[in-house]
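Here is the structure we will look at.
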Amino acid sequence: MNGTDTTSRRRTRWLLVLASGLVLFVELSLIRWAGANVVYLSYFTNFILLGSFLGIGLGFLVVDKKPLLMIGAFLLALFVVLIHVFPVEVQRDYSSILFFGQTLTLTGFPVWLTLPTIFMFVAAIFACLGQTVGQLFRRLPSLEAYRFDLIGSMCGIVLFSFVSFAGLPPIAWGAVVVAGFLILMPRSQRRIVALPMLALIVVLAFESVQPMTWWSAYYKVTSHNQYQPNARTMIRSFDVNGIPHQEILSAALTKKYSTFYRIPFARYGATAPKDVLVVGAGTGTDVAVALASGAERVDAVEIDATLAKLGRRFNPDKPYDDPRVHLHITDGRAFLEQTKEQYDMIVFALPDSLTIVSGQSSLRLESYMFTQQAFAAAARHLKPNGVFALYNFYRAPWLIDRLNATVIAVFGHGACIENPGDDPNFAVLTVGSVVGRISCPASWTTADTTIKPATDRYPFLYLQRPGIPSFYLVTILTILGIAALAFRATGARLARIRPYLDLFWMGAAFLLLETMNIVHFALLFGTTWFVNALVFAGILLIVFLTVTLRRKLHITRYWPWYLALFASLLPALLVPDAWLLRLDGVMRAVVAIAISFVPVMLANCIFAARLNESESSTDAFAANLIGSLVGGLLEYISLMVGYNGLIIAVGVLYAIALLTLRRRIMIVAK
């Protein structure tokens, strides 16, 4: 190889790193930014992820066509402008809006128009980006290309994790994206895209400099001053991702307005609880009430550092500056599993996140806070005569029934359930550690005795019955319809992936395997953005090491590797989460990594071997990516069978992949 070829190869490698990193950075940015501006995306958890898989797969199938990156720049800019001009958020009416909301009016276009439009834009944008990656990919040997693609993906995750940790606004994200596009484009096209790129920067800059707006690792947080007639004063309230979320009230004001804060302390008895744990401390109102009620020590747990900082800044009682208060920025369930403290009172204070952990599962920040096992963890940290309380706007009577059933399952007796104010679905549940601990002036008639508690294996608090809601089914069919139209519109031929159908099924299985790992680590170590980022990075690192190791392995028969893969799935199915949670932090991490990442390693040994022997690495990769789209749709079966059932689905999909591969080998042999 001469010097020119060496230089060209080196340039191709690092352009591939840049392109792959840009793809992942844009994907994560759109999940965060679009989710902050379109309420619907809080309920369709992996929508943008699925659109990106479809788009990248299409891009790999059209690598022979004219470069599309310039079109992708125009589409991305147009998408950002449209979302900015037509956001879907709560239409605020300060004269009638209640704390934690009621039936709210939304701005923007209806869901049946908004979601398909977003999906088509995302797929088109990533088809352009995916084609660029594919064109660089095929210039290198397949495994070498895969390795540098993985390096780029890891760089994208690390960079976006940094901007999340630093709380940087969207203008910083946009600057990274624009720089990536311009570097990858030919010089002749840079002037052409200058205007759309400028429009993108202007829109994101406008959002970044809005007064009283902050970008946390989870939300777009906006603050408003509003007059509350009942309190006869101005109240500072906070929206997250366009949804009313919290208000800051002084402890004195809660005596007349939002009296629910004080109900657990009134039920506690004549003496004040000395040691109090507040989970979901937010901007500090609950903490201030605990201090005003006589608490001598308060552990305040809040997952979002930005909300806690805003409480420190704006709360008139300054609870976070009080030496009796100890603030913990972490996941509430993780704190309960790790702390050794005992409390007179534990309060779950409005811990409704209104958002998802990532774009790859139906897991919400609070999903593991309302399971039977979570309530049991709280009960273990109560003193012998302690009290547990939770309150929220529960939206439906059956949801209160579920929480009360969970209380009964853990404590052996029901909660005192009270409905302060005018809304029957806003409830305070208070329960003593022993029967008769609290006196209850209210009575609650359970409307539905068949409602079962949520569990760690089925943490879907807000789903009344196991099953996939009809609107989700309609959305899934819509995605499949758009995918079919996209193949026709681009001229991408599915026949090209026919030799790699086993890789298609492997892609579906691997997406579900990734989802399982995210969910598992969220339970064991906390439902935080940091844990989520570590899992993604860890999976990519394991895959990278596996591909590097693959160069020293010679796989001639696949079935022994598949058997090892099936065996490696059994611990995830059989090892109880409760046992893992009892382990100390280091040992828990070691066991969890072994259970989660060994199947990842074995699956990628098989994938790398198949990719290495493929006649067209781009077609093989496209098959895997399009399979990931199917895996993302299959993730919704967790709403029927729980996350444990996904392990079985992963095994079935890998079995189909093995059978498909064996059939292909037999056909080729003939």
* **the range 263-279 - phi-based ³J(HN,Hα) in whole Hz, Karplus 6.51/-1.76/1.60, Gly and Pro as x** => 4, x, 6, 5, 6, 5, x, 5, 8, 8, x, 7, 10, 10, 10, 10, 9
* **Viscosity 0.692 mPa s, temperature 37 °C, Stokes-Einstein D of the chain from Kirkwood C-alpha radius, µm²/s** => 124
* Structure fact -> Over 31 Å (Cα to Cα) among LYS309/LYS452; LYS220/LYS340; LYS318/LYS340; LYS255/LYS340 -> LYS309/LYS452; LYS220/LYS340; LYS255/LYS340
* Listed residues LEU646, THR546, GLY51: farthest to the positive end of the dipole of the chain (Cβ charges) -> THR546
* Dipole of the chain, positive end: most advanced residue of THR12, GLN373, ILE656 [Cβ charges, Cα centre] -> THR12
* For the range 622-638, 3J(HN,Hα) per residue [Karplus equation, 6.51 cos²θ - 1.76 cosθ + 1.60, θ = phi - 60°, Hz, x = Gly/Pro] -> 4, 4, 5, 5, 5, x, 4, 4, 5, x, x, 5, 5, 4, 5, 5, 4
* Asked: Using unit Cβ charges (K, R positive; D, E negative) and no other charged atoms, how large, in debye to the nearest 20, is the dipole of the range 473-670 about its Cα centre?
  -> 700
* Using the Karplus curve 6.51 cos²θ - 1.76 cosθ + 1.60 with θ = phi - 60°, work out ³J(HN,Hα) for each residue of the range 570-586 in order, rounded to whole Hz, and write x for Gly and Pro. => 4, x, 5, 7, 9, 6, x, 4, 4, 5, 5, 5, 7, 6, 6, x, 5
* To do: Kindly provide the helix-only [θ] at 222 nm of the chain, computed as the sum of -39,500 (n - 2.57) over DSSP H runs of four or more divided by all residues, to the nearest 500 deg cm²/dmol?
  => -18500 deg cm²/dmol
* To do: Could you list, by residue number, the cysteines of the chain that have no other cysteine's beta carbon within less than 4.7 Å of their beta carbon?
  => CYS128, CYS155, CYS605
* **the chain, relative contact order [Cα under 8 Å, separation at least 6], %** => 15
* **Distribution of pairwise C-alpha distances over the range 473-670, 10 Å bins, in %** => 8, 33, 35, 20, 4, 0
* Asked: Among the trypsin sites (Lys or Arg not before Pro) within the range 239-317, which fall in a DSSP loop and have no more than 15 other Cβ atoms within 10 Å of their own Cβ?
  -> LYS256, LYS274
* To the nearest 20 debye, what is the magnitude of the charge dipole of the range 1-93 about its Cα centre, counting +1 on the Cβ of each Lys and Arg and -1 on the Cβ of each Asp and Glu? -> 420
* Can you give me the P(r) profile for the range 1-65? Cα pairs, bins 10 angstrom wide beginning at 0, each as a whole percent. => 18, 34, 26, 14, 6, 1
* How big is the charge dipole of the chain about its Cα centre, in debye rounded to the nearest 20, if each Lys and Arg gets +1 on its Cβ and each Asp and Glu gets -1 on its Cβ? -> 1960
* Asked: Which lysines does LYS65 reach when only Cα atoms under 22 Å apart count, and residues fewer than 8 places away in its own chain are ignored?
  -> none
* Signed unit charges on C-beta, dipole axis of the chain, positive-most listed residue ALA592, PRO169, ALA603 -> ALA603
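FYI, it's all coordinate maths here, none of it is from the lab. Here the structure is a predicted model, which is why all the values come from computation and not from measurement. Cβ coordinates were reconstructed from backbone atoms using ideal geometry, including for glycine residues, and neighbour counts include every protein chain displayed.
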